[in-house]
Amino acid sequence: MSLINQIDQDIKQAMLGKQEARLRGLRAIKSALLLARTEKGASEELSQETEIKVLQKLIKQRKESSDIYKSQNREDLYKIEIEEMEVIEAYLPKQMDRSEIEAYLKELIGRVGATSIKDMGKVMGAANKELAGRADGKTISEVVRELLG
């Protein structure tokens, strides 16, 4: 079952269960996926990689908004963003923790033959491709800097 079909099913369940926070998150996902599907050059069916990128973008938006609301003491809006973010995260692959990322990147650095910070681009390109959806790009970048620096 494709992600959009799964979201449709979950929206129905959330409506029946009167789960407002879950419904908001699901509708945001559906809207973003439909937009991605209608973009110029997009195929009828989205690849899993594209779906993950869309979900990651939604999470990043929620995270940025929640940080702003928290700094402005808008607890009501902060709570809404966090609830939606939790719903969206449920549809992403399990995220790796920092120690798992570190272990993976050490192995990757050996594989690509990186020796200094000058090789960071080579490592980042491979890491972002291989860890798509399972690790945050910012965290990957920090760990690569530590390991090569």
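Taken together, the values in this text are just the output of simple stated rules run on the coordinates, not laboratory data. This one's a predicted model, so the numbers in the text were calculated from it and none came from an experiment. Quick reminder, even Gly has a Cβ in these numbers, built from the backbone with ideal geometry, and neighbours come from all protein chains shown.
Can you give the longest run of the chain that contains no trypsin sites (Lys or Arg not before Pro) sitting in a DSSP loop with at most 10 other Cβ atoms inside 10 Å? Let's see the in-between values first.
On the way: sites that count: Lys18, Lys40, Lys94.
The answer is 95-149.
Please tell me the relative contact order of the range 98-148 in percent, rounded to the nearest whole number, where contacts are Cα pairs under 8 Å and at least six residues apart.
It rounds to 46 percent for the range 98-148.
Enumerate the calculated ³J(HN,Hα) couplings along the range 62-72 in order (Karplus 6.51 cos²θ - 1.76 cosθ + 1.60, θ = phi - 60°), each rounded to whole Hz, writing x wherever the residue is Gly or Pro.
5, 5, 5, 5, 5, 5, 5, 4, 5, 5, 9
Quick check on the chain: helices-only [θ] at 222 nm, where DSSP H runs of length 4 and up contribute -39,500 (n - 2.57) each and the sum goes over total residues. Nearest 500, please. Walk me through the numbers on the way to the answer.
Working: 7 runs with 110 residues, N = 149.
My calculation for the chain gives -24500 deg cm²/dmol from helical runs alone.
Any idea how far apart Ser47 and Val112 come out in nm if each label point goes 7 Å out from Cα toward Cβ?
1.8
For the chain, what is the relative contact order in percent, using Cα pairs closer than 8 Å and at least 6 residues apart in sequence?
20
For the range 16-149, what is the convex hull (Cα atoms) projected area averaged across all directions, in square nanometres?
10.8
Compute the length gained on full extension between Ser99 and Thr139: take 0.36 nm times their separation in residues and subtract their Cα-Cα distance, giving the result in nm to one decimal.
13.3 nm
May I ask you to give the average projected area over all directions of the convex hull of the Cα atoms of the range 50-119, in nm² rounded to one decimal?
Details: hull surface 27.4 nm².
One quarter of the hull surface, i.e. the mean projection, equals 6.9 nm².
May I ask you to compute the full-extension gain from Arg37 to Ser71, defined as 0.36 nm times their residue separation minus their alpha-carbon distance, rounded to one decimal in nm?
8.8 nm
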